[in-house]
Each structure stands twice: as C-alpha cells, then as structure tokens.
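Chemist: There's a structure below that I have some questions on.
No lab work stands behind these numbers, since they all come straight from the coordinates. Quantities reported herein were computed from a predicted structural model and do not represent experimental measurements. Neighbour counts are summed over all protein chains in view; Cβ atoms, including those assigned to glycine, are modelled from backbone coordinates with ideal geometry.
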Amino acid sequence: MKRSEKIQMIVAAMLGWFSQNARDLPWRRTQDPYAIWVSEIMLQQTQVKTVLPFWERWMCELPTIEAVAKATPDKIHKLWEGLGYYTRVRNLQKAARQITEKRKAESGNKSEFPNKFDEVLALPGIGRYTAGAICSIAFNQPTPILDGNVMRVLTRIFGIDKDPREKGTNERLWELAGELVFNAKTQSAQRRNKGNSCSYLNQSLMELGALVCTPRNPQCLICPVKKLCVAFKENRTEELPNLGKREAATARRFVAFVLEHQGKFLIRQRPEKVVNAHLWEFPNVELNGQALTPAEVFKSEFGFVPPELEPLPPVKHSITRYRITLEAFRVSLKRAPKMGQGMWLSHAEMSSLAFTSAHRKILSGLNNGLI
Ligand code: SF4
C-alpha cells in the first residue's frame with residue numbers, strides 16, 4: 001500500500017472512531033482559545049483525571065486572560081497547588097501579561113489569544129507541541145502535535161523501531177503527524193465539510209494513546225487502525241516505542257521541623273529560580289548522605305539543642321527520577337527563637353498559601369488534628 005493511501009485510511013478511521021469514542025471533557029465543550037490553552041498547559045506531564053478539578057476551579061476563579069494577568073503570585077500558585085511543575089503557572093501568567101500588554105499597545109479593549117502558530121509558539125511556556133495543539137483545537141489549523149501518547153501511537157502504526165527521542169527519528173514522527181493532520185484538512189475540504197477535522201484528528205491521536213494504545217497491554221482488538229498497524233501485525237506492541245533503558249531512580253532524604261510557638265508555626269518560602277520556587281514549606285534540610293541525627297541537624301540549622309523532637313509520619317514521594325523521603329519532627333517551643341528567615345503563622349493563615357506537595361501532606365495532618 002502506498003504511504004499516501006495509508007495516511008488517508010488512518011485519518012478516516014481515526015475521525016470515525018473519535019466521533020463515537022471521545023470522552024466528554026469540559027475543555028472539549030468550548031472553542032475559547034484561552035480555556036484550551038489552560039487545559040493544554042495543565043495536561044503537560046499530568047493525567048486528565050487529575051487536571052479536571054484544577055481546570056474547573058481555575059476557569060471559575062480566573063475566567064479571562066486579563067484576570068490571569070492581574071492575579072497575585074499567591075493566587076496563581078494556590079490554584080496550581082498539587083499539580084506540580086510550577087514553572088508552568090508562572091509562564092502562563094507571563095504569557096497572559098504579554099498578551100494584555102500587546103493589546104493595550106494596540107489600543108484594543110479585549111485581550112485576544114493570538115491565532116497565528118508563530119505568535120503562539122513565541123509565548124512563554126509554549127513549545128511546538130502546545131502551539132500545535134492550541135492552533136488545531138481552537139482554530140482548526142493543520143498544525144501537528146507530538147507528545148508521548150502520539151509518539152507511541154505513530155511508532156507502533158508505522159513500525160518505527162529507532163528511539164523516537166533521537167533527533168532524526170523525532171523529526172520523522174513530526175512529519176508523519178503533519179501529514180496526518182494535513183490530510184484531515186484535505187479530506188474535509190473535498191467533502192466541503194467546514195467541521196473541525198484538524199482538531200478532531202489531533203485529539204483522536206491523543207485519545208487513542210490515552211485509552212487504547214496504552215504503554216502496557218494495548219487493546220489492539222478494539223483499535224480502529226489495527227489493520228493498518230505494523231506493530232500489531234508483527235506482534236511487536238510490547239517492543240515499541242523503543243525508549244532505551246530508564247535512568248535508575250536516585251534516593252534523597254530530607255529532615256523537616258514543624259516548629260510551634262503559641263499556636264503558630266514557622267514556615268519559609270522557597271526562593272526564585274529553584275524547583276518549586278515561591279511555594280511554602282516547613283524548615284528542612286537535605287542530608288546528602290550525611291549520617292546525622294535529627295537533633296544534630298536541628299542544632300546546626302537553628303543554633304540550639306531542641307527541647308524534644310516528636311516524630312511525625314514520614315512522607316514519601318517521587319519527583320521525576322528522585323525518590324524522596326521526608327522525615328518530619330514536631331518541636332514545641334516555649335519562646336520563639338530569633339530567626340532571620342520565615343514567618344510564624346496559624347493553621348488558618350497557612351491554609352491560604354501554596355505549599356509543596358510533601359509539605360502540604362504535613363500541613364493537612366496538622367489541620368486534621370492527626371498531628
Ligand atoms: Fe496501538 Fe494496537 Fe492500535 Fe497498533 S493496533 S495502534 S499497537 S492499539
């Protein structure tokens with residue numbers, strides 16, 4: 001079969017499948033580029049079911065680009081709290097401010113999201129994938145997308161056995177994604193159909209990767225393109241995509257102190273330009289393999305011997321390739337020591353601030369009276 005014929009058949013099968021199987025997601029009920037942009041940024045590295053409540057809350061609190069541009073850093077971080085990768089939300093606000101400023105300079109009343117691919121791509125926090133997704137979904141333009149899901153679907157359908165992250169192979173996959181979405185536009189024009197074929201084709205590839213062509217145990221028997229799929233025909237679905245060996249996880253250990261004085265707790269804000277910048281946390285120290293007792297760590301951090309360290313349930317979590325263990329201790333103080341950094345706040349005051357997810361778990365324990 002010729003490649004052009006195969007492309008055409010894949011597009012027809014995917015559009016038919018998507019029309020029957022697309023999940024009803026709130027950002028699919030709108031064509032507002034702002035709402036779609038927010039969903040695409042939240043969906044980077046994050047699953048749909050996690051994003052749903054965050055997106056609903058964000059759109060309710062900040063329904064326009066102007067509202068994002070004007071929001072305080074505390075507000076946007078609080079709305080993003082728990083989604084992780086906080087650079088995303090800071091870039092979202094930078095981009096909203098750029099759009100608003102540009103509009104003001106052009107004396108426009110309303111901040112409109114740009115509809116040209118290059119202008120979208122130039123905004124902070126928007127790469128080739130996100131620009132393609134926004135332009136295809138919001139404006140039905142034939143702009144390709146290639147994320148982890150689409151990469152998996154395409155390497156399997158076309159039987160591509162080289163590492164898809166390797167430059168040449170990656171570019172080949174972008175070309176295939178481009179041919180597919182362009183073909184969707186052509187087929188739709190031939191039928192004089194003014195529908196959303198580019199939008200639906202791109203979303204169908206993401207949806208197939210999320211629901212059917214999953215990393216493990218893909219459901220090939222119900223797949224709309226199984227007759228066209230090389231990996232299925234050659235029984236190579238478990239081999240593809242060829243992502244090479246995973247880097248081994250690195251263990252990291254932290255000790256945190258929940259210092260309490262007259263119903264207030266000491267917390268600190270993470271500085272700019274570090275992971276989780278702007279978020280709040282309890283004072284903590286990374287041990288970096290040092291064999292120190294918690295009391296020794298406390299003394300070196302605060303300059304005095306703690307009265308008593310009450311162990312709290314340890315928090316374990318993973319970020320990228322790090323496996324992190326946070327051992328936390330409560331310390332009740334009769335007098336507040338003089339400390340340069342941080343603020344003493346009550347439960348209620350802390351609840352309105354955005355914490356890193358590990359420290360949010362400690363805080364939830366305090367708020368629920370479990371600690
Ligand atoms: Fe993926 Fe199987 Fe469909 Fe091929 S046939 S695209 S491997 S689900």
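Chemist: If each of residue 243 and residue 217 carries a label point 7 Å out from its Cα toward its Cβ, how far apart are those two points in nm?
Modeler: 1.8
Chemist: Of 190, 259, 313, which is farthest along the charge dipole of the chain in the positive direction, counting Lys and Arg as +1 and Asp and Glu as -1 at C-beta?
Modeler: Ranked along the dipole, the leading option is 190.
Chemist: Determine ³J(HN,Hα), in whole Hz, for all residues of segment 96-104 in sequence, where each value follows from phi through the Karplus function 6.51 cos²θ - 1.76 cosθ + 1.60 and θ = phi - 60°; x replaces Gly and Pro.
Modeler: 4, 5, 4, 5, 5, 4, 4, 5, 4
Chemist: With labels modelled as points extended 7 Å from the Cα through the Cβ direction, what inter-label distance (nm, one decimal) is found for residue 119 paired with residue 291?
Modeler: 6.4
Chemist: Rounding to the nearest 20 debye, state how big the charge dipole of segment 3-233 is about its Cα centre with +1 on each Lys and Arg Cβ and -1 on each Asp and Glu Cβ.
Modeler: 340
Chemist: Multiplying the sequence separation of residue 128 and residue 274 by 0.36 nm and subtracting their Cα-Cα distance, what value in nm do you get?
Modeler: Numbers: separation 146, 0.36 × 146 = 52.56 nm, distance 2.48 nm.
Extra length from residue 128 to residue 274 when fully extended: 50.1 nm.
Chemist: At 7 Å along the Cα-to-beta-carbon direction for both residue 44 and residue 194, put a label point, then send me their distance in nm to one decimal.
Modeler: Placing both labels 7 Å beyond Cα along the Cβ direction yields 3.5 nm.
Chemist: Shifting gears a bit: Considering only DSSP beta bridges where both residues belong to segment 250-367, give the percentage that are antiparallel (nearest 5). All intermediate terms of the calculation are to be shown ahead of the outcome.
Modeler: On the way: 17 of 29 bridges.
Of those bridges, close to 60 percent are antiparallel.
Chemist: Whole-Hz Karplus ³J(HN,Hα) for segment 287-304, in order, using 6.51 cos²θ - 1.76 cosθ + 1.60 and θ = phi - 60°, x for Gly and Pro?
Modeler: Coupling constants for segment 287-304: 7, 6, x, 6, 8, 10, 7, x, 5, 5, 4, 4, 5, 5, 7, 10, x, 8 Hz.
Chemist: Once each part is reduced to its C-alpha centroid, what is the distance from segment 250-322 to segment 182-241 in angstrom?
Modeler: For segment 250-322 versus segment 182-241, the Cα centre distance is 47 Å.
Chemist: Could you give the longest part of the chain that holds none of the GluC sites (Glu not before Pro) found in DSSP loops with at most 10 neighbouring Cβ atoms within 10 Å?
Modeler: 107-237
Chemist: Another one. Before anything else, pin down the relative contact order of the chain: Cα pairs under 8 Å, at least 6 apart, normalised by residue count, whole percent.
Modeler: So the answer I get is 16 percent.
Chemist: Once the dipole of the chain is set up with Lys and Arg at +1 and Asp and Glu at -1 on Cβ about the Cα centre, which of 280, 67, 10 lies farthest towards its positive end?
Modeler: 10
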